[in-house]
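Let me begin by presenting the structure, written as structure tokens, before commenting on it.
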Amino acid sequence: MNTAQLIALDLLVTLLAAAGWLGAGVAAAARRARVATALLAAAAIVTIVRVTTAVALATGGWWFAQDRVVLTGPLLGVAGLAAVLVAGPRLITAVRAGTPGNSPSAVVPLLVAGYAGAAGLLFPFLVGYPATWGDVLVTVALVGTAGLVTWRIAGSGPPLWTFLPVLAMGLAGVGAGFASGADLDTGGGPAGAHPAGHGVSVADLRGPAEPAPGGQVRRYTFTARQTTVEVAGRTVEAWGYNGQVPGPPITAAEGDLIEVTLRNADIGRGVTLHWHGYDVPAGEDGAPGVTQDAVPPGGEYVYRFRADQVGTYWYHTHSASDVGVRMGLYGTLVVAPPAAGLDLTLPVHTFGETTVAGGPGAHDAAPGTPVRLRLVNTDSVPHRFVLSGTAYRLVAVDGADLNGPGELREVELRLPAGGRYDLAFAMPSGPVALFVDGEPGLRLGVGEPPPAPDGWPELDITRYGTPADTAFGPESRFDRSFTLVLDRGIAMVDGVPRYAHTVNGRAYPNVPTQLVREGDLVETTVANRGLETHPWHLHGHRVLVLERNGHRVTGSPLWMDTFDVRPGEVWRVAFRADNPGEWMNHCHNLAHAAQGMALHLRYDGVTTPFHGGHGD
Ligand code: C2O
Ligand code: CU
């Protein structure tokens with residue numbers, strides 16, 4: 001059983017326990033001593049099972065079990081035991097004597113155990129990881145208050161002053177919640193050596209003005225504006241760079257200088273250009289409120305950077321990016337030598353209900369032609385691709401070439417939001433078809449395309465290709481180790497308490513900034529406690545995947561800029577801090593980022609004059 005299934009099982013068992021105890025209490029109050037006794041026995045058994053599931057969850061990582069082990073498990077266990085010891089004998093006596101068994105001393109402990117079970121059910125949804133001292137106090141106080149109220153309603157309750165210590169406990173818990181709140185996470189490394197306000201500003205960390213020797217200058221002007229696009233025969237409202245969706249493709253050769261002048265005609269939420277996966281100098285990164293101010297209607301910003309990374313990338317607005325990217329403010333960035341054969345870049349995007357794999361739907365290609373398909377997922381959810389009619393290789397992930405990629409056929413590729421896969425093959429004599437989420441996408445060659453294949457297994461990219469040496473690995477000594485636990489919960493977003501997408505129990509901008517020093521070797525563990533997939537994306541660096549769920553990468557070294565952390569998964573990744581700046585580090589399901597799942601990573605000594613922006 002994997003961690004996601006264990007989480008589901010644990011919640012189900014907790015639900016049964018809560019229902020069992022509450023049912024027993026209600027039955028006792030309704031003078032049904034026999035039913036109450038049976039339910040008590042069942043609830044006691046389920047409660048014991050619940051202890052097992054909570055402990056089993058710890059095998060997937062402490063983050064999954066912490067709240068259960070330190071709080072909701074013991075709370076349910078103690079309340080259940082008290083119910084058995086206090087209510088049990090009274091109910092059994094009542095059954096034997098044929099009396100109703102509805103005394104408060106039978107009813108109240110059963111209901112309190114039920115409240116404890118309900119708290120265990122709600123806690124993972126409302127709070128999650130980490131369960132702090134404040135959370136413990138508040139939860140125990142809430143269950144205690146409910147118990148005292150029940151006791152008074154049942155008659156013969158305790159005097160009113162007994163509420164005072166419980167109330168005090170709750171208030172102490174709330175206070176503890178407000179008091180806690182470091183705003184910096186040093187990952188176990190030294191704190192900053194640079195006093196605040198002294199250092200280099202991100203605004204000065206700009207790209208070079210010249211290409212590398214022999215390189216060219218690639219100059220573009222993009223004007224973001226409202227437009228419309230035709231999707232599956234319908235006209236839909238869109239926003240586009242130069243009115244185009246996707247925006248104009250940027251292509252360059254290694255060493256070229258890319259210079260893009262961005263203007264905003266009429267996008268009221270402001271626009272920027274973020275070079276996804278491209279490790280540009282921080283001042284060119286396009287994160288509003290962090291590396292620049294968003295470009296307002298009538299405004300302008302010039303981006304300049306050298307095309308030092310070869311491969312498939314993309315760009316998109318980072319201002320109100322959830323809306324902006326969905327509306328069409330994105331395009332592709334491919335750095336490669338001119339290709340012999342057919343080289344297609346296919347940004348996949350969903351407009352309303354319709355997913356399109358960019359570019360024309362059919363191409364002719366003579367048998368033997370080398371073909372490269374560059375798949376780009378510009379959506380916020382993963383897409384599944386299958387290529388039928390030919391064997392092929394997955395030659396690059398997120399722009400980075402894989403080592404020794406073997407021949408693939410009859411597999412499904414799952415591409416994370418924001419990610420890129422490059423597929424390569426020689427055109428066979430028959431037709432080739434690409435399917436996106438089971439729907440026909442691109443077609444190559446002539447003849448009836450093969451039907452949509454079904455049930456092909458997913459390729460595990462952590463085991464694909466051949467290992468090679470890397471500058472660091474799972475055994476390295478890291479200067480800083482960070483942990484990001486992703487979940488949902490109540491947290492402040494933009495000053496308002498919301499049901500947020502959280503990182504370590506907090507939401508942007510209240511998630512502590514990660515501090516690194518230039519040259520540090522940094523590892524990050526990302527654990528997903530929630531029920532949704534989180535495509536994790538750090539700006540300015542690509543990370544080397546070390547482990548997934550405790551299993552090392554056994555195939556090609558895997559350098560990624562966006563990796564899918566599915567429910568219950570734990571990824572361990574690492575990077576060298578070699579690109580000074582203040583960087584966004586966030587979930588690339590952009591709706592999740594907008595609802596709190598984002599933070600900053602800052603190099604010691606780097607400051608930003610930009611504030612107030614949401615960074616998304
Ligand atoms: Cu592709 Cu911060 O984003
Ligand atoms: Cu997410």
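The values are calculated or read from the model by the stated rules, or taken from the named source; none is laboratory data. Worth saying up front: this structure is predicted, and the values here are computed from it rather than measured. Positions of Cβ are backbone-derived with ideal geometry, glycine not excepted, and every protein chain shown enters the neighbour counts. Ligands, DNA and RNA are excluded from the accessible area calculation, which covers all protein heavy atoms including side chains. Shrake-Rupley method; radii C 1.70, N 1.55, O 1.52, S 1.80 Å.
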Review point. If one takes the longest principal axis of the Cα atoms in the chain, at what angle in degrees, from 0 to 90 and to the nearest 10, does the Cα axis of helix 3-29 lie?
Key: 30
Exercise for review: Kindly give the semi-axes, whole Å and largest first, of the ellipsoid equivalent to segment 215-337, taking each as the square root of 5 times a Cα gyration tensor eigenvalue.
Suggested key: 23, 17, 12
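If you add up the charges near residue 609, with Lys and Arg at +1 and Asp and Glu at -1, over every other residue whose beta carbon is less than 11 angstrom from its beta carbon, what do you get?
Residues close to residue 609 contribute a combined charge of -3.
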Exercise for review: Could you list the residues of segment 29-54 with an amide nitrogen less than 17 Å from a label point located 7 Å from the Cα of residue 92 in the Cα-to-C-beta direction?
Suggested key: 33-45
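Using a cut-off of 15 Å between beta-carbons, work out the net charge of the residues near residue 279 (Lys and Arg +1, Asp and Glu -1, residue 279 not included). Intermediate values should be presented prior to the final figure.
On the way: positive: 206, 304, 306, 420, 542, 576; negative: 254, 284, 285, 308, 398, 518, 561, 578, 582.
Neighbourhood net charge equals -3.
Using unit Cβ charges (K, R positive; D, E negative) and no other charged atoms, how large, in debye to the nearest 20, is the dipole of the chain about its Cα centre? Walk me through the numbers before you get to the answer.
Values: 41 positive and 53 negative charges, 531 e Å.
Dipole about the Cα centre, nearest 20: 2560 debye.
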Point to revise | Other-chain or far-sequence residues with amide H under 5 Å of residue 498's (modelled H) | key: 491, 492, 493
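Quick check for you: with a 1.4 Å probe and neighbouring chains kept, what is the accessible area per residue of the chain, in Å²?
On the way: 25110 Å² over 616 residues.
So the chain comes to 41 Å² accessible per residue, rounded to a whole number.
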Revision key, fill the gap. Going residue by residue through segment 51-64, the Karplus relation 6.51 cos²θ - 1.76 cosθ + 1.60 with θ = phi - 60° gives ³J(HN,Hα) values, rounded to whole Hz and with x marking Gly or Pro, of 4, 5, 5, 4, 5, 4, 4, 5, 5, x, x, 4, 4, 7
Practice item. On a C-alpha basis, how far is the centre of segment 244-314 from the centre of segment 1-70 in Å? Whole number, if you could? Key: 52
Revision key, fill the gap. Spelling it out for residue 348: with amide H atoms placed in the peptide plane at 1.01 Å from N, the residues 5 or more places away or on another chain with amide H under 5 Å from its amide H are 358, 376, 377, 378
Study note, to complete from the structure: Going residue by residue through segment 185-191, the Karplus relation 6.51 cos²θ - 1.76 cosθ + 1.60 with θ = phi - 60° gives ³J(HN,Hα) values, rounded to whole Hz and with x marking Gly or Pro, of 10, 8, x, x, x, x, 5
Check your understanding: For segment 3-155, how big is Rg over Rh, using alpha carbon atoms and the Kirkwood form of Rh?
Key -> 1.01
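I'd like to know how the chain sits against the 2.2 N^0.38 Å rule of thumb: what's its Cα Rg over that expected value? Working shown, then result.
Details: Rg = 28.4 Å, N = 616, 2.2 N^0.38 = 25.3 Å.
Expressed relative to 2.2 N^0.38 Å, the Cα Rg reads 1.13.
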Review point. By its C-alpha gyration tensor, with a ≥ b ≥ c as the square roots of the eigenvalues, how is segment 339-459 shaped: rounded for a/c under 1.5, else prolate for a/b larger than b/c, else oblate?
Key: rounded
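For the chain, with all protein chains present and a 1.4 Å probe, just round the carbon and sulfur fraction of the accessible area to a whole percent. Show your work: numbers first, answer last.
Numbers: 14780 of 25110 Å².
Result for the chain: 59 percent of the exposed heavy-atom area is carbon or sulfur.
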**Study point:** Estimated inter-spin distance, residue 34 and residue 59, nm [label 7 Å along Cα→Cβ]
**Key:** 4.1
Exercise for review: Mind listing the long-range amide H neighbours of residue 488? Cut-off is under 5 Å, sequence gap 5 or more, other chains count too, H placed in the peptide plane at 1.01 Å from N.
Suggested key: 502
Exercise for review: Quick one: check the C-alpha center-to-center distance for segment 539-590 versus segment 442-486, whole angstrom.
Suggested key: 12
Check your understanding: Residue-wise, which Karplus ³J(HN,Hα) couplings in Hz belong to segment 93-99, taking 6.51 cos²θ - 1.76 cosθ + 1.60, θ = phi - 60°, and x for glycine or proline?
Key -> 4, 5, 4, 4, 7, x, 9
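Evaluate 2.2 N^0.38 Å with N set to the residue count of segment 102-146, then give the Cα radius of gyration divided by it.
Numbers: Rg = 12.2 Å, N = 45, 2.2 N^0.38 = 9.3 Å.
Taking N as the residue count of segment 102-146, the ratio is 1.31.
Quick check on the chain: helices-only [θ] at 222 nm, where DSSP H runs of length 4 and up contribute -39,500 (n - 2.57) each and the sum goes over total residues. Nearest 500, please. Walk me through the intermediate numbers first.
Numbers: 9 runs with 156 residues, N = 616.
Using -39500 (n - 2.57) per qualifying helix, the result is -8500 deg cm²/dmol.
What net charge do the residues around residue 422 carry, taking every other residue with its C-beta under 12 Å from that of residue 422, with Lys and Arg at +1 and Asp and Glu at -1?
Numbers: positive: 372, 374, 393, 420; negative: 343, 398, 401.
Here the count lands on +1.
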